[in-house]
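A.B. asks: What follows is a structure written as structure tokens; I'll ask about it next.
The values are calculated or read from the model by the stated rules, or taken from the named source; none is laboratory data. Bear in mind the structure is a predicted one, so any value in this text is a computation, not a measurement. Backbone-built Cβ (ideal geometry, glycine too); neighbour counts: all protein chains shown. Side chains included, ligands, DNA and RNA excluded: accessible areas come from the protein's heavy atoms. Shrake-Rupley method; radii C 1.70, N 1.55, O 1.52, S 1.80 Å.
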Amino acid sequence: MRDNEFTRILDWPGYRVFRHEINETAKTLRLWVRRKGGNRKLICSGCGKRFTEAHDSYPQCGVRIEKVGQLPSKAPFSKDFEDAVGLACESAAVRQVARQFGLAASTVRAIDLRYLQRWNATRRKDRLRQIGVDEIYFGKQTKFITVVSNLETGEPLWFGRDRKQETLDEFFRRQLKESQRKRIEAACVDIWWPFTNSIEQWAPNCRIVYDKFHVLQHANRAIDEVRRAEFFRKGGHMRGVVKGKRGCC
């Protein structure tokens, strides 16, 4: 196999295999991996011009170092360094990345969080046409949180405390523009009226689809009520026919 084939198999974003060694006797495979250089342009810290190689120079600048983008925070790291740490966190555990860069695990977590926030702010987001709204039970103190997801991509979009109508109202008000709300075609929810009322108010073109699990749950409850009513209405030996028969009238 060639090096580029191992690169495709590993599928490590930003890295490529440049050498491999197979030992048939020991049945081992060794891979040498380096970060992809790509077509990234370097920026001169003197004049701000872009160049491709470190030995390129301009007479008016003299000897200069590369201009390194800094972050608008108190963290003593450059953007390139934090991007490298965040990229490493995509394929390795926090403790492993901490050992690799000589950092504390808590520092790596903080860097990874900032890296993800920058990525989320600049990434291309898919058009939102179908949403799913559900709640998750989080215990006695927090109780419920509301989760909104993109049903077409399976991506969770937003989390809100509690499961009130005001909770979902906050998602529509703060996370979506009016044009985005109008483009929502369908929403899958359980039979919880605060969610339904919020969707009807904020997404006028949205069709509400109830979760089939909850629909069947309500149907089974209605059947049980009918069965119990018929059991008490019938007398004598007819009660024996109805007893223990789900759905029997």
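A.B. asks: Considering every residue within the stretch 165-176, establish whether at least one is acidic (Asp, Glu), more than 17 Å from Thr196 (Cα to Cα) and either assigned to a loop (DSSP other than H, G, I, E, B) or without any contact (Cβ under 8 Å) to a residue 40 or more places away in the chain (or both).
C.D. replies: Scanning the stretch 165-176 turns up no residue that is acidic (Asp, Glu), more than 17 Å from Thr196 (Cα to Cα) and either assigned to a loop (DSSP other than H, G, I, E, B) or without any contact (Cβ under 8 Å) to a residue 40 or more places away in the chain (or both).
A.B. asks: Report yes if Val209 is surrounded by fewer than 17 Cβ atoms within 10 Å (Cβ to Cβ) and either on the phi > 0 side of the Ramachandran plot or part of a strand (DSSP E or B) (or both), otherwise no.
C.D. replies: Against the criterion (surrounded by fewer than 17 Cβ atoms within 10 Å (Cβ to Cβ) and either on the phi > 0 side of the Ramachandran plot or part of a strand (DSSP E or B) (or both)), Val209 qualifies.
A.B. asks: Considering only the stretch 40-63, I want to know if a residue exists there that is touching a helix residue (DSSP H, G or I) at 6+ places or on another chain (Cβ under 7 Å) and at pLDDT 65 or above.
C.D. replies: Checked against the condition, which is being touching a helix residue (DSSP H, G or I) at 6+ places or on another chain (Cβ under 7 Å) and at pLDDT 65 or above, the stretch 40-63 yields no hits at all.
A.B. asks: Given the conditions (1) within 30 Å of Phe77 (Cα to Cα); (2) open to solvent by 80 Å² or more (accessible area, probe 1.4 Å); (3) of a type outside the set (D, E, K, R), report the number of the one that Gln141 does not fulfil.
C.D. replies: (1)
A.B. asks: Name the single residue that is farthest from Asn150 (Cα to Cα) among those in the stretch 218-243 being at pLDDT below 80, open to solvent by 70 Å² or more (accessible area, probe 1.4 Å) and not hydrophobic (A, V, I, L, M, F, W, C).
C.D. replies: Taking the candidates together, the pick is His237.
A.B. asks: Which of the numbered conditions does Asp126 fail, given that it passes all the others? Conditions: (1) part of a loop (DSSP other than H, G, I, E, B); (2) within 23 Å of Tyr210 (Cα to Cα); (3) without any contact (Cβ under 8 Å) to a residue 40 or more places away in the chain; (4) within 15 Å of the chain's Cα centre (by Cα).
C.D. replies: Going through the list (1) part of a loop (DSSP other than H, G, I, E, B); (2) within 23 Å of Tyr210 (Cα to Cα); (3) without any contact (Cβ under 8 Å) to a residue 40 or more places away in the chain; (4) within 15 Å of the chain's Cα centre (by Cα), Asp126 breaks only (2).
A.B. asks: Considering the stretch 71-86 alone, what residues qualify as being surrounded by 11 or more Cβ atoms within 10 Å (Cβ to Cβ) and of a type outside the set (D, E, K, R)?
C.D. replies: Leu71, Ala75, Phe77, Ser78, Phe81, Ala84, Val85, Gly86
A.B. asks: List the number of the failed condition for Arg183; all other conditions in (1) within 30 Å of Phe77 (Cβ to Cβ); (2) surrounded by 12 or more Cβ atoms within 10 Å (Cβ to Cβ) hold.
C.D. replies: It fails just one condition, (1).
A.B. asks: A further question on this structure: Picking from Val189, Val215, which residue would you name as being surrounded by 12 or more Cβ atoms within 10 Å (Cβ to Cβ) and at pLDDT below 90?
C.D. replies: Val215
A.B. asks: List the number of the failed condition for Leu168; all other conditions in (1) out of contact with any Ser or Thr (no Cβ under 7 Å at 6 or more places or on another chain); (2) farther than 15 Å from Leu151 by Cβ; (3) open to solvent by less than 50 Å² (accessible area, probe 1.4 Å) hold.
C.D. replies: It is condition (1) that Leu168 fails.
A.B. asks: When the residues of the stretch 87-117 are narrowed to those that are part of a helix (DSSP H, G or I) and either touching a His at 6+ places or on another chain (Cβ under 9 Å) or touching a residue at least 24 places away in the same chain (Cβ under 8 Å) (or both), which ends up most open to solvent (accessible area, probe 1.4 Å)?
C.D. replies: Step by step, filter the stretch 87-117, then rank; the result is Leu116.
A.B. asks: Additional query: Within the stretch 74-127, how many residues turn out to be at pLDDT 90 or above and touching a strand residue (DSSP E or B) at 6+ places or on another chain (Cβ under 7 Å)?
C.D. replies: 0
Every residue, every condition in (1) open to solvent by less than 80 Å² (accessible area, probe 1.4 Å); (2) modelled with pLDDT of 90 or more; (3) of a type outside the set (Phe, Trp, Tyr), yes or no:
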residue: Tyr137; (1), (2), (3): no, no, no
residue: Thr153; (1), (2), (3): yes, no, yes
residue: Lys164; (1), (2), (3): no, yes, yes
residue: Arg173; (1), (2), (3): no, yes, yes
